[in-house]
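Quick notes on the structure that follows.
The values are calculated or read from the model by the stated rules, or taken from the named source; none is laboratory data. Just so it is clear, the structure is predicted and the values come from calculations on it, not from any experiment. Cβ: placed from backbone, ideal geometry, glycine included. Neighbour counts: every protein chain shown.
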Amino acid sequence: MSIGKRKSGGGNFDLLLRYDARHGAAYLCDRVRQPDGTWQTEQKTINNFTAVFDLPNIEIGWMAFASNGPPSFKMVKADMGADIGAAPSPKHKEGFRLRLKLKGDGGSVREFSSTAAATWQGVDKLHTAFLEEHGKHPGKLPLVKLTGTSPIKSPMGLSHEPNFQITDWVDRPPELPAPAIADLREDDEEPPYDVESAA
């Protein structure tokens, strides 16, 4: 007897894009089913990283990544003076989350999030540039290019801050609807991405 198709579907969460601040490189992270039925994360380096960033809906808050369970997010929209409250647990770290549409890779939509301080700084500078210019481009989203990285020394070691530059303003793609990202991603048929944020 068939129990029918699940209404929720499978794998409804966004594909991921990861920036590794330790090495100054961006990766596509895709889940690939192995011959034995298990899932494995495959990373592919992005060259000439250019994407439409949904900066009006960027979120900040608390994030915890787990290797054997779904990631936990407690996020708020990054409006001026937004209060993210207290961390839900000692494992949660302060971070950001946004969605973007790649210019290459078939124009896939990806979720970009991180708790790495160097990555935060690069995105913060990009967001400042966005706020300064977006009034001149009503209804448009920025087309952003990763132009390089800047090394940052800290007690934790060497990190690489991403240097993002707005190169153009474009109409909002239909693949990036205006509503903000949901606060929590629920587990589904596939195991979650086991990708830790770079330190």
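Quick notes on this one:
- Filter pass, Gly4 being at positive phi and either surrounded by fewer than 10 Cβ atoms within 10 Å (Cβ to Cβ) or at pLDDT 85 or above (or both): yes
- Given (1) in a loop (DSSP other than H, G, I, E, B); (2) of a type outside the set (Ser, Thr, Tyr); (3) modelled with pLDDT of 95 or more, index of the condition Ala180 fails: (3)
- Checking each residue in region 40-55 for being more than 20 Å from Leu146 (Cβ to Cβ) and surrounded by fewer than 16 Cβ atoms within 10 Å (Cβ to Cβ) picks out Gln40, Glu42.
- Selection over region 61-75 of residues that are surrounded by 21 or more Cβ atoms within 10 Å (Cβ to Cβ) and of a type in the set (A, V, I, L, M) gives a count of 2.
- Extreme residue, modelled with the lowest pLDDT, among residues of region 57-81 that are under 27 Å from Leu146 (Cα atoms) and part of a loop (DSSP other than H, G, I, E, B): Met80
- Residue match in region 14-34 (condition: modelled with pLDDT under 90, assigned to a loop (DSSP other than H, G, I, E, B) and hydrophobic (A, V, I, L, M, F, W, C)): no
- Among the residues of region 148-174, those identified as more than 19 Å from Ser114 (Cα to Cα), part of a strand (DSSP E or B) and of a type outside the set (A, V, I, L, M) are Thr167, Asp168, Trp169, Asp171.
- Scanning region 35-56 for residues that are modelled with pLDDT of 85 or more and either of a type in the set (A, V, I, L, M, F, W, C) or touching a Leu at 6+ places or on another chain (Cβ under 7 Å) (or both) yields a count of 9.
Residue-wise test of (1) surrounded by fewer than 17 Cβ atoms within 10 Å (Cβ to Cβ); (2) part of a strand (DSSP E or B); (3) touching a Lys or Arg at 6+ places or on another chain (Cβ under 8 Å); (4) without any contact (Cβ under 8 Å) to a residue 24 or more places away in the chain.
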residue	(1), (2), (3), (4)
Glu111	no, yes, yes, no
Ala118	no, no, no, no
Gly122	no, no, no, no
Lys125	yes, no, no, no
Thr128	yes, no, no, yes
Glu133	yes, no, no, no
Pro138	yes, no, no, yes
Val144	no, yes, no, no
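- Ala117 being of a type in the set (A, V, I, L, M, F, W, C), farther than 19 Å from Ala26 by Cβ and modelled with pLDDT under 95: no
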